[in-house]
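Contents: one structure, followed by commentary.
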Amino acid sequence: MTLSIQPSTLLISKQLPSLKYTSTSDRFDETWEAPLSTLLGLGRAAGADFIEFFLERNNYISCLAEDDTITSISPKLSTGAGVRVFRGKGDCYVSTNDLTFTGLKAALEKGLAILGLALPTPNAYIPEINLELLRDYATKKGKDIWLSECSSMREMGEILLSANAKLQQKATHTQSRRATYFRDWQEVLVASSDGTFARDIRLTQSVGYNLLCADGANRSSIAERAGSTSDPNFLRNWQYESAAEAIAESAGKMLYADYVESGTYPIIMANQFGGVIFHEACGHLLETTQIERETSPFADKKGEKIAHESLTAWDEGLSENAFGTIDMDDEGMPAQRTLLIEKGVLKNFLADRSGSLRTGHPRTGSGRRQNYTYAAASRMRNTYIAPGEYTNEDLFASIEKGIYCKKMGGGSVGATGQFNFGVDEAYLIENGKITKPLKGAILIGEAQEIMNKISMCSQDLGLAAGFCGSISGSIYTTVGQPHIKVDSITVGGR
């Protein structure tokens with residue numbers, strides 16, 4: 001992108017209306033440096049302490065097969081930008097889908113006005129913002145061809161219908177079968193007044209089953225979902241036959257299961273999606289968003305013991321192909337690993353730029369957002385309890401009577417960590433052995449309490465795809481853990 005004029009002196013404010021830019025419309029590349037550096041300088045000249053532009057192009061499609069029919073194909077295309085302006089510890093965010101120089105300048109002007117700032121006088125000099133050489137993760141890692149290599153709409157439908165047909169073969173007493181898939185392609189560019197200038201492409205995909213079985217008054221519902229980043233062949237490689245066999249087996253066992261009796265039990269939670277409780281009940285409380293709101297009971301506990309000494313937990317954006325993996329966050333910071341808890345001791349919080357500014361905790365590459373209409377906030381990426389020293393056999397052998405929570409369902413969490421979660425697939429443990437299936441179990445607890453009752457962690461760490469909603473919208477995350485033992489927890493039932 002080049003200027004239509006070549007000023008021989010520093011740019012002054014009255015020259016801005018005469019500047020003309022020709023942009024690369026189908027790609028965020030080096031040609032965006034000139035207009036964005038000019039706008040960043042303009043914001044600084046107006047008195048802002050920091051300015052950030054986030055540009056995005058998005059290509060999304062979802063497909064739903066119900067029984068033997070494709071019932072929905074939903075595409076979505078969007079392009080837009082957001083500008084965040086900081087003054088002191090205050091900030092504001094304005095978004096627009098007008099990516100012309102004039103449109104971006106108008107969004108910046110609105111943000112400045114919200115903070116009581118105005119564009120400089122006509123004869124004011126506009127400081128030059130020297131952006132780094134474009135840090136282009138997309139080109140460096142060969143991501144520019146990803147979208148063209150993904151499955152076509154026809155292929156999506158064919159695979160989902162084949163998957164549902166296989167589920168019909170495997171399951172009995174079937175009432176409904178659903179197979180769903182989505183592909184979310186996103187190109188982003190971040191430019192900010194500290195010199196950040198970075199581009200990336202993300203490709204997030206998910207596919208899964210939902211099976212409902214019924215026999216008279218007996219009902220069972222089981223869902224299974226897999227997720228991927230950075231693999232255009234993900235849907236083509238989906239092993240739907242083995243997935244159908246596993247979900248059919250679970251639904252069959254739960255169809256005639258006895259209802260669990262309410263009470264307090266020791267439990268074993270399975271690996272992979274079992275980590276959703278740590279994510280919801282503890283992970284959110286370690287985000288600076290919660291600290292700013294004064295809703296985290298752990299706000300002043302850094303360096304103190306907040307969990308059982310058997311528990312170590314991480315949040316990171318580096319695990320290959322995991323659902324929350326990113327090369328950079330939505331503020332342009334490279335991904336990294338953050339140790340949250342080490343042997344029960346709180347080590348770090350998750351901080352974005354604004355959270356770091358207002359709480360003093362260092363940024364962790366955790367500034368994430370659903371799209372350009374949201375300002376980034378501190379959010380989890382791949383969050384999991386680390387493997388421990390025990391075997392699964394050790395965990396089961398330690399329980400005389402308890403419950404094995406093999407597959408977690410949905411639930412809710414209060415602002416300060418109170419939670420309740422349904423268990424889709426559960427079994428009674430008697431004398432260290434799994435005996436009969438149980439249904440209707442609901443785990444009820446509170447974050448500070450349960451963290452101190454996770455007394456044993458197995459060695460079989462597993463990760464699972466998840467979706468997380470918070471102040472900056474819905475984002476893709478990974479939850480995970482090995483098999484863990486919780487010494488006691490309230491279980492609701494009948």
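The values are calculated or read from the model by the stated rules, or taken from the named source; none is laboratory data. This one's a predicted model, so the numbers in the text were calculated from it and none came from an experiment. Every residue, glycine as well, gets a Cβ built from its backbone with ideal geometry; the counts of neighbours run over all protein chains shown. Surface accessibility is based on the protein's heavy atoms, side chains included, excluding ligands, DNA and RNA. Shrake-Rupley method; radii C 1.70, N 1.55, O 1.52, S 1.80 Å.
If we keep just the residues of the range 123-147 that are open to solvent by less than 70 Å² (accessible area, probe 1.4 Å) and assigned to a loop (DSSP other than H, G, I, E, B), which is nearest to Leu19 (Cα to Cα)?
Ranking the candidates gives Ile126 first.
Filter the range 203-227 down to residues that are farther than 30 Å from Leu438 by Cβ and buried (at least 23 other Cβ atoms within 10 Å of the Cβ), then give me how many there are. It would help to see each step written out before you state the result.
Just the residues of the range 203-227 that are farther than 30 Å from Leu438 by Cβ, to begin with: 203-205.
In the following step, the residues that additionally are buried (at least 23 other Cβ atoms within 10 Å of the Cβ) were identified as 205.
Residues meeting the conditions: 1.
When you look at Asp424, is it of a type in the set (D, E, K, R) and either open to solvent by less than 30 Å² (accessible area, probe 1.4 Å) or over 30 Å from Ser220 (Cα atoms) (or both), yes or no?
On the way: of a type in the set (D, E, K, R): yes; either open to solvent by less than 30 Å² (accessible area, probe 1.4 Å) or over 30 Å from Ser220 (Cα atoms) (or both): no.
No; evaluated as a whole, the condition is false for this residue.
Filter the range 164-184 down to the residues that are surrounded by fewer than 20 Cβ atoms within 10 Å (Cβ to Cβ), within 29 Å of Arg154 (Cβ to Cβ) and in contact with a Cys (Cβ under 8 Å, 6 or more places away or on another chain) and list them by number.
Selection gives Thr174, Gln175, Thr180, Phe182.
Quick test for you: out of Glu224, Glu187, Glu158, pick the one residue that is in contact (Cβ under 8 Å) with a residue 12 or more places away in the chain, over 17 Å from the mean Cα position of the chain (by Cα) and not in a loop (DSSP other than H, G, I, E, B). Don't jump to the end; show me each part of the working.
Details: Glu187 fails: over 17 Å from the mean Cα position of the chain (by Cα); Glu158 fails: in contact (Cβ under 8 Å) with a residue 12 or more places away in the chain.
It is Glu224.
Just checking, does the range 235-243 include any residue being assigned by TED's automatic domain parsing to the domain that holds Ala376, not aromatic (Phe, Trp, Tyr) and not in a strand (DSSP E or B)?
Initially, the range 235-243 is screened for residues assigned by TED's automatic domain parsing to the domain that holds Ala376, giving none.
No, the range 235-243 has no match at all.
Among strands (runs of 3 or more DSSP E) lying entirely in the range 48-122, which contain 3 or more residues that are open to solvent by less than 20 Å² (accessible area, probe 1.4 Å)? Before you say what the answer is, go through the steps one by one.
Details: elements: 50-66, 69-87, 90-96.
By residue number, 50-66, 69-87.
Just give me the residues in the range 69-87 being more than 14 Å from Ile51 (Cβ to Cβ) and more than 23 Å from the chain's Cα centre (by Cα), in sequence order.
Restricting attention to the range 69-87, the residues satisfying the condition of being more than 14 Å from Ile51 (Cβ to Cβ) are 69-80.
Answer for the range 69-87, where residues must be more than 14 Å from Ile51 (Cβ to Cβ) and more than 23 Å from the chain's Cα centre (by Cα): Thr69, Ile70, Thr71, Ser72, Ile73.
Modelled with pLDDT under 95 and crowded, with 16+ Cβ neighbours inside 10 Å: which single residue out of Gly252, Gly274 fits that description?
On the way: Gly252 fails: modelled with pLDDT under 95.
Result of the check over Gly252, Gly274: Gly274.
Quick one: which residue in Tyr427, Tyr404, Tyr374 is within 15 Å of the chain's Cα centre (by Cα) and among the aromatic types (Phe, Trp, Tyr)?
Only one candidate passes the filter, namely Tyr374.
Kindly indicate which of Thr288, Thr196 is open to solvent by less than 30 Å² (accessible area, probe 1.4 Å), in contact with a His (Cβ under 9 Å, 6 or more places away or on another chain) and among the β-branched types (Val, Ile, Thr). Explain how you work it out, then say what you get.
Values: Thr196 fails: in contact with a His (Cβ under 9 Å, 6 or more places away or on another chain).
The conditions single out Thr288.
Which condition breaks for Gly411 when tested against (1) in contact (Cβ under 8 Å) with a residue 60 or more places away in the chain; (2) over 30 Å from Asp487 (Cα atoms)?
Every condition holds for Gly411 apart from (2).
A quick yes/no check of all residues on (1) open to solvent by 30 Å² or more (accessible area, probe 1.4 Å); (2) in contact with an Asp or Glu (Cβ under 9 Å, 6 or more places away or on another chain); (3) in the same structural domain as Asp184 (by TED's automatic domain parsing):
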residue: Phe298; (1), (2), (3): no, yes, no
residue: Lys305; (1), (2), (3): yes, no, no
residue: His308; (1), (2), (3): yes, yes, no
residue: Met328; (1), (2), (3): no, yes, no
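Given (1) without any contact (Cβ under 8 Å) to a residue 12 or more places away in the chain; (2) within 26 Å of Met328 (Cβ to Cβ); (3) aliphatic (A, V, I, L, M), identify the lone condition not met by Leu108.
(1)
I'd like the full set of residues that are among the aromatic types (Phe, Trp, Tyr) and open to solvent by less than 20 Å² (accessible area, probe 1.4 Å), limited to the range 17-47. Full working, then the answer.
Of the range 17-47, the ones among the aromatic types (Phe, Trp, Tyr) are 21, 28, 32.
The answer is Phe28, Trp32.
Restricting attention to the range 342-375, which residues are assigned to a helix (DSSP H, G or I), open to solvent by less than 10 Å² (accessible area, probe 1.4 Å) and closer than 17 Å to Phe298 by Cβ? Please lay out each step first, then the result.
Just the residues of the range 342-375 that are assigned to a helix (DSSP H, G or I), to begin with: 353-359.
Cutting the leftovers down to open to solvent by less than 10 Å² (accessible area, probe 1.4 Å) gives us 354-355.
Passing the criteria: only Gly355.
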